[in-house]
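J.: Next up is a structure, given as structure tokens.
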Amino acid sequence: MKRIYADTAAGMSNPSSIHEEGMRAKKALEDARAKVAELIGAHPNEIIFTSGGTEGNNLAIFGCATLSVAHKEIITTSIEHASVLEPAKKLGAAIISVGESGIVDSEEIKKNLNSETKLVSIIYANNEIGTIQPIREIARVIRNFRKTRNSELGTGNFPLFHIDACQAPRFLDLNVARLGVDLMTLNGSKIYGPKGSGCLYVRRGIKLTPLFWGGGQERGLRSGTENVPAIIGFAEALALCAKLREKESAQLTKLRDELVAGLLKIEGVKLNGHATQRLPNNVNVNLPILEPEQWVLELDAKGIACSAGSACSSNKQNDDYDIIGVRFSLGRETTKAEINYIIKTVFLILKKYVRNSLS
């Protein structure tokens, strides 16, 4: 017998509905939740599905900050993604600067911790210069401070430790116990998954204030009908990352280093960020003569898609400055021939402008 959809939610397979279609959607949703949890060493009820990294980061920050009037302080860094940095600034966070290498100094975290600190939020791998942060080391600093604070004040839950891991799944360990984190943001679109998908890991026992109110989905932390197809795609993409991680890391590290070596042979080119403590797929460089946006347009005209943006911030004698770089992000399909083409094209563009300036 043909099903009669007298409920529009049935045709849309709403996982909150109790009819057959809704129950199938609910099972698919929970299967995806269990898969994501297993991949990061968590419990299924610690996975809150979101629309992506921006929502996950905002939920972590605002969700913690509004829990208590007495403990509002947030510590973060100057090289965070805007979805962390802007909410943190809005809440009056302590913003720690980093050096030109783009690596966070755990001692700076330690210096800024105090009895009012509620949350520390650090990007696992920077989205612009690709630098990988010492998350386990920072977690130890926070854990030791938490023990001291608990013995003195009897409040051992804080500070919580949140990481933005949106750039990490293809190359880095995501096990939340080994990392020592309380909250972790993931994003589907950064791992060849569907746009508009992602999750926030929330360790058991942590209570957050939701951003959205309504139907009470996702343990009351994310009201709104779940996008089941996108969530399934996100879980599959995350599983594929785990399967390919070792092979992809080795393959892209080699190509990355070849691209860096080739570009640095060109006079005036400078690498932004740490030379080795960076993602295998990230090359961020200062290219001479032209502005970064002009470089993007010149390269685009030659069939090379890259990007320009604020790469790193530092603080010297209280003067903040930005390094504006051109970023090349390598993918699973990137080849050695393409690397050689990029190097050759950058050289030819530079040669053209130098020749024109002398004529």
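Laboratory data are not the source of any read-out in this text; all were calculated from the coordinates shown. Note that the coordinates shown come from a computational prediction; the quantities given were computed from them, not determined experimentally. Cβ sites come from the backbone with ideal geometry, for glycine too, and all protein chains shown count toward neighbours.
J.: Could you name the lysines in cross-link range of Lys351, using Cα to Cα under 20 Å and dropping any fewer than eight places away on the same chain?
T.: Lys265, Lys270, Lys302
J.: Over the chain, calculate the relative contact order: mean separation of alpha carbon pairs under 8 Å at least 6 apart, over the residue count, as a percent. Numbers along the way, then the final one.
T.: Details: 683 pairs, mean separation 64.0, N = 359.
It rounds to 18 percent for the chain.
J.: Could you compute the FRET efficiency for Thr345 and Thr209, with r as their C-beta to C-beta distance and R0 at 56 Å, rounded to 0.05?
T.: Working: r = 50 Å, r/R0 = 0.89.
FRET efficiency, Thr345 to Thr209: 0.65.
J.: Same structure again: Of the listed peptides 223-232, 55-64, what is their order by residue-averaged count of other C-beta atoms within 10 Å, with the highest listed first? Don't skip to the answer; put the middle values down first.
T.: Details: 223-232: 18.1, 55-64: 25.2.
Order by mean packing, descending: 55-64, 223-232.
J.: Asn112 to Arg355: FRET efficiency via 1/(1 + (r/R0)^6), r the Cβ-Cβ distance, R0 35 Å, to the nearest 0.05? Can you show the working numbers first?
T.: Working: r = 51 Å, r/R0 = 1.45.
The computed FRET efficiency comes out at 0.10.
J.: Here's something else I'd like to know. With the crude spin-label approximation of a point 7 Å out along Cα→Cβ, what separation in nm comes out for Ala82 versus Asp31?
T.: Between Ala82 and Asp31, the simple spin-label model gives 3.8 nm.
J.: Under the 0.36 nm per residue contour assumption, what length would be gained going from the current alpha-carbon distance of Thr225 and Asn175 to full extension?
T.: Details: separation 50, 0.36 × 50 = 18.00 nm, distance 2.81 nm.
So the chain would gain 15.2 nm between Thr225 and Asn175.
J.: At 222 nm, what helix-only mean residue ellipticity would the chain give, in deg cm²/dmol to the nearest 500, using -39500 (n - 2.57) for each DSSP H run of four or more? Intermediate results must be reported in sequence, preceding the final value.
T.: Working: 10 runs with 147 residues, N = 359.
Computed ellipticity for the chain at 222 nm equals -13500 deg cm²/dmol.
J.: Using a Förster distance of 30 Å, how high is the FRET efficiency between Glu333 and Gln294, based on the Cβ-Cβ distance and rounded to 0.05?
T.: Working: r = 27 Å, r/R0 = 0.90.
That pair, Glu333 with Gln294, gives E of 0.65.
J.: Something else now. Taking amide H positions as placed 1.01 Å from N in the peptide plane, with prolines and chain starts having none, which residues 5 or more places from Thr50, or on another chain, fall under 5 Å of its amide H?
T.: For Thr50, the qualifying residues are Gly198, Cys199, Leu200.
J.: In nm, to one decimal, how far is the His43 label point from the Ala305 one, both placed 7 Å along Cα→Cβ?
T.: 4.2 nm
J.: Taking the Cα centre of the chain as the origin, how large is its charge dipole in debye, to the nearest 20, when only Lys and Arg (+1) and Asp and Glu (-1) carry charge on their Cβ atoms? Display every interim value, and only then the final one.
T.: Numbers: 45 positive and 39 negative charges, 137 e Å.
Using Cβ point charges on Lys, Arg, Asp and Glu, the chain gives about 660 debye.
J.: How far is it, in nm, from the label point at Ser249 to the one at Leu264 when both lie 7 Å from their Cα along the line to the Cβ?
T.: So the two model labels end up 2.2 nm from each other.
J.: In addition: Under Stokes-Einstein, with the Kirkwood radius over Cα pairs standing in for Rh, what whole-number D in µm²/s applies to the range 95-200 at 10 °C and 1.306 mPa s? Let's see the in-between values first.
T.: Working: Rh = 14.6 Å.
So the translational diffusion coefficient is about 109 µm²/s.
J.: Any idea what the dipole of the range 44-124 comes to, in debye rounded to 20, about its Cα centre with Lys/Arg Cβ at +1 and Asp/Glu Cβ at -1? Walk me through the intermediate numbers first.
T.: Values: 6 positive and 10 negative charges, 52 e Å.
Using only the charged Cβ atoms, the result is roughly 260 debye.
J.: Now for a different question. Mind checking which lysines have their C-alpha under 27 Å from Lys89, skipping anything on the same chain fewer than 8 residues away?
T.: Lys72, Lys110, Lys111, Lys118, Lys190, Lys195, Lys207, Lys316
J.: In the neighborhood of Asp173, defined by Cβ-to-Cβ distances under 15 Å, what is the net charge if each Lys or Arg adds +1 and each Asp or Glu adds -1?
T.: Numbers: positive: Arg136, Arg170, Arg178, Lys243, Arg245; negative: Glu38, Glu137, Glu246, Glu248.
With Lys, Arg at +1 and Asp, Glu at -1, the net is +1.
J.: Sticking with this structure for a sec: With the cut-off at 1.5 for a/c, could you classify the chain from its C-alpha gyration tensor as rounded, prolate or oblate? Present the calculation step by step, with values, prior to reporting the outcome.
T.: Values: a/c = 2.21, a/b = 1.32, b/c = 1.68.
Since a/c reaches 1.5 but b/c is at least a/b, the shape of the chain is classed as oblate.
J.: Oh, and also: Order these peptides, 136-149, 113-126, by their mean beta-carbon neighbour count within 10 angstrom, highest first.
T.: Numbers: 136-149: 16.8, 113-126: 22.4.
The peptides rank, most packed first, as 113-126, 136-149.
J.: Please give me, ordered by residue number, the trypsin sites (Lys or Arg not before Pro) of the range 156-235 that lie in loop per DSSP and have at most 15 other Cβ atoms within 10 Å.
T.: Numbers: sites: Arg170, Arg178, Lys190, Lys195, Arg203, Arg204, Lys207, Arg219, Arg222; in loops: Arg170, Lys195, Arg203, Arg204, Lys207, Arg219, Arg222.
Here the sparse-neighbourhood loop sites are Lys195, Arg204, Lys207, Arg219.
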